Amino acid sequence: DGAVTVIDSNTVAGLLGALVRACYVMQKNDEPVEKIIEEAQYLADHQRLYFTVDSLNYLHKNGRLSSASYVAGSLLGIKPIIEMTKEGLKVKTKVRGNSKAIAEMINLVKQDKDHIRYNILNVASVGSTRQQLDTLRNNLNDATGITEFYEYEIGCTLVCHTGNGAFGFGYFVNE
């Protein structure tokens, strides 16, 4: 009938793609539109998205990081673990170095591993090598037992805020 329902996805990048994919699969399985809308709203309200950046430069340039924090963080190799929430971006924690950033994000997903909806993880990156993505996928698989992954390239709109080398992952959770 041409009706349109607008849903705030509360997310970006790969997890937005995952939400669309879930709705598409439901539509292909002839689920009623009302059920698809209900699931889309549920997913929007029950998601986790964590990412980190390679350099603090872009966070500083776009005003999300003070000059003092930028200098200190750059000198110490600080990597923020950023979480997408309904209220927007929030620094979940800060660690020193890329390997510790990955380990911390893995710890976050381990807390949810028994509640991950569809048993799918969605990895998003820009400028990452195949080896880096494979390592992240292997670490995620070891931590959760999940073997199904979708990979997304982070688009230019987000990259202008994060810079090259940003990466992260997202998933939906059951209550």
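The values are calculated or read from the model by the stated rules, or taken from the named source; none is laboratory data. Predicted, not measured: the structure shown is a model, and the values here were computed from it. For neighbour counting, all protein chains shown are included, and Cβ atoms are generated from backbone atoms with ideal geometry for every residue, glycine included. The protein model used for the area step is the full one, side chains on, heavy atoms only, and it has no ligands, DNA or RNA in it. Shrake-Rupley method; radii C 1.70, N 1.55, O 1.52, S 1.80 Å.
Within segment 1-52, the set of residues being open to solvent by 50 Å² or more (accessible area, probe 1.4 Å), in a loop (DSSP other than H, G, I, E, B) and either over 28 Å from SER125 (Cβ atoms) or modelled with pLDDT of 95 or more (or both) comprises ASP1, GLY2, ALA3, VAL4, THR5, VAL6, ASN29, ASP30, GLU31, PRO32.
A quick yes/no check of all residues on (1) surrounded by 17 or more Cβ atoms within 10 Å (Cβ to Cβ); (2) at pLDDT 95 or above; (3) not small (Gly, Ala, Ser):
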site	(1), (2), (3)
PRO80	yes, yes, yes
LEU89	no, no, yes
ARG96	no, yes, yes
GLU104	yes, yes, yes
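Can you go through SER67, SER74 and tell me which one is within 24 Å of LEU136 (Cα to Cα), surrounded by fewer than 18 Cβ atoms within 10 Å (Cβ to Cβ) and more than 19 Å from the chain's Cα centre (by Cα)? Just one listed residue meets the conditions, SER74.
Quick grid of which residues meet (1) touching a strand residue (DSSP E or B) at 6+ places or on another chain (Cβ under 8 Å); (2) closer than 25 Å to ASN164 by Cα; (3) without any contact (Cβ under 8 Å) to a residue 60 or more places away in the chain:
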{"residue": "ALA3", "(1), (2), (3)": "no, no, yes"}
{"residue": "GLN27", "(1), (2), (3)": "no, no, yes"}
{"residue": "GLU39", "(1), (2), (3)": "no, no, yes"}
{"residue": "ASP45", "(1), (2), (3)": "no, no, yes"}
{"residue": "VAL53", "(1), (2), (3)": "yes, yes, no"}
{"residue": "ASN62", "(1), (2), (3)": "no, yes, no"}
{"residue": "ALA72", "(1), (2), (3)": "yes, yes, yes"}
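Of everything in segment 93-113, what is out of contact with any Pro (no Cβ under 6 Å at 6 or more places or on another chain), more than 24 Å from GLY145 (Cα to Cα) and among the charged types (D, E, K, R)? Give them in sequence order.
Filtering segment 93-113 for residues out of contact with any Pro (no Cβ under 6 Å at 6 or more places or on another chain) gives 93, 95-113.
Pick out the ones that are also more than 24 Å from GLY145 (Cα to Cα) and you get 93, 95-97.
Selection gives ARG96 alone.
With the requirement that a residue be open to solvent by 70 Å² or more (accessible area, probe 1.4 Å) and among the polar types (S, T, N, Q), what does segment 118-128 give you? Please lay out each step first, then the result.
Let us first name the residues in segment 118-128 that are open to solvent by 70 Å² or more (accessible area, probe 1.4 Å), namely 118-119.
Answer for segment 118-128, where residues must be open to solvent by 70 Å² or more (accessible area, probe 1.4 Å) and among the polar types (S, T, N, Q): just ASN119.
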